[in-house]
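Step one of this worksheet: look at the structure below.
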Amino acid sequence: VQAILIGGDIVNHNDSCSDTSRGRALDQSINHSREIYDRLVQIVGHKGVVTDPQRIEAMTTAWRDGWPSEPAFVVQPASTAEVQSLVSLCVSSGLSIVSQGGNTGMAGGALPRAGQRDLLLSMSRMNKIRAIDLDDDMIVADAGCILDQVREAAAEVGRLFPLSLGAQGSCTIGGNVATNAGGIHVLRYGQMRELVAGLEVVLADGRLWNGLRRLRKDNSGYDLKHLFIGSEGTLGIVTAAVLKLSAIPTQSVTTIVAVREPAHALAWLRRLRRRFAVQLTACELIEQICVSITLRRMPDLSFPILNKFPWYVLSEISTFNPSEDVETAVAEEFSEALVADEVADGATASSLKQAKNLWRLRESIADAHRMEGVSFKHDISVPISMVPKFISLTMQRLSERMPGIRSFSFGHLGDGNVHFNPLQAADEPAEKWRGRLAEVNRITHDTAIELGGSISAEHGIGQLRRSELLHYKGGLDLELMTRVKTALDPGNLLNPGKVLYEK
Ligand SMILES: Cc1cc2nc3c(=O)[nH]c(=O)nc-3n(C[C@H](O)[C@H](O)[C@H](O)COP(=O)(O)OP(=O)(O)OC[C@H]3O[C@@H](n4cnc5c(N)ncnc54)[C@H](O)[C@@H]3O)c2cc1C
């Protein structure tokens with residue numbers, strides 16, 4: 001007997017129903033679901049339909065925040081043609097489609113809704129590197145390829161795919177495209193939008209848009225790929241991508257400095273940019289509490305600065321000249337900054353192991369923060385010049401309303417992107433704090449917008465920030481976004497209730 005999924009419950013095909021109308025309705029529903037199940041199996045084979053509750057639970061549990069999630073069916077197609085057939089089936093059966101890659105997204109975009117007819121379409125079996133061309137300097141990858149897999153494939157031929165983020169061992173290229181992922185190297189290489197040359201996308205009517213071009217220049221009309229990048233599965237299903245490669249630096253120097261306030265962190269960034277220009281490949285701001293909590297949670301990590309300071313700046317300078325003395329140049333900048341009272345302490349990693357330890361620490365902050373329990377997270381961006389003001393003004397406004405509130409903030413200083421995560425006052429009960437989410441969001445997002453910023457820098461909208469998007473976008477922005485959605489997905493088949501509207 002095959003098991004089929006209805007609203008998340010596995011129903012046995014042999015279950016009998018009573019004669020009541022409720023029973024008949026259930027009968028019809030079961031028959032309809034069984035019919036769909038059989039057609040799904042015809043398209044993707046038994047291997048491609050997931051019924052194991054444990055696997056389904058893993059695919060419907062968010063990395064961090066909880067959202068109720070109950071897919072009607074879960075499928076794992078193995079080819080673009082199968083994705084097209086699935087879309088056609090969903091159109092004719094009234095199912096919606098939620099695309100999923102590694103399920104590492106921070107905004108709940110990859111989770112099917114509860115109690116709706118959402119088909120969870122996991123791209124994990126579409127995981128082949130299709131081609132690497134060194135003259136074009138591009139790699140073509142299926143959407144289900146894990147980011148690390150693409151980085152390793154590039155490294156094997158002596159090239160770099162520069163997208164780098166904490167979830168790179170599990171997130172996928174399709175998810176990276178769909179969220180326009182950022183990470184630590186954006187200030188040098190850009191977000192995913194800058195790294196994508198072409199896309200292959202299955203549209204909401206089942207047709208294939210083949211935009212898998214390897215062009216560096218193409219001004220032949222609207223650049224359609226950009227509609228799909230950052231669209232969080234609401235405009236099309238990305239099945240493959242052409243990605244731009246770069247040279248691997250021959251030398252990378254990792255430095256951490258301690259500063260007393262974010263304004264001094266900005267001064268340090270200014271120095272590094274002036275001295276090293278495009279050689280500056282990462283510049284991260286980290287609040288002291290992030291370091292202490294991460295070290296407590298991950299005891300195998302260490303930190304080179306023994307005295308405690310309120311903030312730290314972790315940076316990486318990469319060069320193509322192995323004999324260039326970057327360390328001395330950094331030390332010169334550090335001495336000048338020390339005299340100017342802009343930095344308080346600092347250390348440069350003297351081995352690859354030490355550098356890796358520092359970057360692991362940075363990339364483990366989100367995980368450590370998650371383990372700490374109830375806290376609110378924001379992913380705002382402001383002009384880089386406004387980062388210090390954003391932090392101080394938001395904390396001041398929050399403290400006036402919620403005395404004792406603490407901040408647990410870190411982020412990509414070089415991109416003006418702050419992961420601003422307030423923690424409750426030490427004596428505030430968790431329940432009371434939970435009830436303050438809307439108020440904290442409003443103050444934080446109002447401040448970001450007031451300073452010319454955005455409520456989402458790199459994690460997207462998903463379901464987490466949908467009401468905030470509707471609150472802030474308004475007017476013509478929202479109208480144009482809705483028109484694009486309606487043009488590409490008039491039946492709202494793709495990821496309803498994420499980013500924009502539910503029905
Ligand atoms: C520890 C940690 C650190 C992180 N650090 C960063 C960071 O520094 N920068 C950053 O930008 N993000 C970061 N993230 C967030 C996350 O890793 C990225 O958003 C990533 O790009 C999501 O990829 P995924 O394959 O897991 O996508 P999923 O979570 O599966 O999906 C995310 C969204 O993309 C859609 N989607 C997925 N695949 C497809 C597809 N093939 N076609 C169409 N739509 C699709 C989904 O429907 C959903 O809306 C981090 C996450 C974690 C857990």
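A compact table of results
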read-out	value
Residue within region 111-127 that is of a type in the set (Gly, Ala, Ser) and free of Cβ contacts under 8 Å to residues at least 40 places away in the same chain present	no
Filter result (over 22 Å from the mean Cα position of the chain (by Cα), closer than 17 Å to Asn495 by Cα and surrounded by fewer than 24 Cβ atoms within 10 Å (Cβ to Cβ)) within region 76-85	Gln84
Residue that is modelled with the highest pLDDT [pool: residues in region 483-503 that are open to solvent by 50 Å² or more (accessible area, probe 1.4 Å) and of a type in the set (D, E, K, R)]	Arg483
Matching residues in region 425-440 - criterion: being assigned to a helix (DSSP H, G or I) and open to solvent by 30 Å² or more (accessible area, probe 1.4 Å)	Ala430, Glu431, Lys432, Arg434, Leu437, Ala438, Glu439
Test: Arg188 is open to solvent by 50 Å² or more (accessible area, probe 1.4 Å), over 30 Å from Leu119 (Cβ atoms), in contact with a helix residue (DSSP H, G or I) (Cβ under 9 Å, 6 or more places away or on another chain) and not acidic (Asp, Glu)	yes
Residue, farthest from Gly102 (Cα to Cα), within region 60-75, restricted to residues that are surrounded by fewer than 21 Cβ atoms within 10 Å (Cβ to Cβ) and within 21 Å of the chain's Cα centre (by Cα)	Pro68
Selection status of Gly169, at pLDDT 95 or above, out of contact with any Phe, Trp or Tyr (no Cβ under 8 Å at 6 or more places or on another chain), open to solvent by 50 Å² or more (accessible area, probe 1.4 Å) and assigned to a loop (DSSP other than H, G, I, E, B)	yes
Failed item in (1) open to solvent by 20 Å² or more (accessible area, probe 1.4 Å); (2) modelled with pLDDT of 95 or more; (3) not in a helix (DSSP H, G or I), with Leu480 passing the rest	(3)
Of the criteria (1) more than 11 Å from the ligand (Cβ to nearest atom); (2) at pLDDT below 95, which one Gln149 fails	(2)
Selection count where residues are open to solvent by 10 Å² or more (accessible area, probe 1.4 Å) and over 23 Å from Glu316 (Cα atoms), scope region 408-424	2
Count - residues of region 330-361 that are surrounded by fewer than 17 Cβ atoms within 10 Å (Cβ to Cβ) and under 14 Å from Pro304 (Cβ atoms)	6
Failed criterion for Met395 (all others in (1) in a helix (DSSP H, G or I); (2) of a type outside the set (Val, Ile, Thr); (3) away from the ligand (no atom under 14 Å from the Cβ); (4) open to solvent by less than 20 Å² (accessible area, probe 1.4 Å) hold)	(4)
Residue match in region 127-137 (condition: surrounded by 24 or more Cβ atoms within 10 Å (Cβ to Cβ) and of a type in the set (Val, Ile, Thr))	no
Conditions (1) of a type in the set (Lys, Arg); (2) within 18 Å of Leu199 (Cα to Cα); (3) assigned to a loop (DSSP other than H, G, I, E, B); number of the one not met by Arg64	(2)
In region 128-146, the residues that are part of a loop (DSSP other than H, G, I, E, B), within 16 Å of the ligand (Cβ to nearest atom), free of Cβ contacts under 8 Å to residues at least 60 places away in the same chain and not basic (Lys, Arg)	Gly144, Cys145
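The values are calculated or read from the model by the stated rules, or taken from the named source; none is laboratory data. Note that the structure is a prediction, hence the values are computed from the model and not measured. Reconstructed Cβ throughout: ideal geometry from the backbone, glycine too, with neighbour counts over all protein chains shown. These area figures cover heavy atoms from the full protein model, side chains too; ligands, DNA and RNA do not enter into them. Shrake-Rupley method; radii C 1.70, N 1.55, O 1.52, S 1.80 Å.
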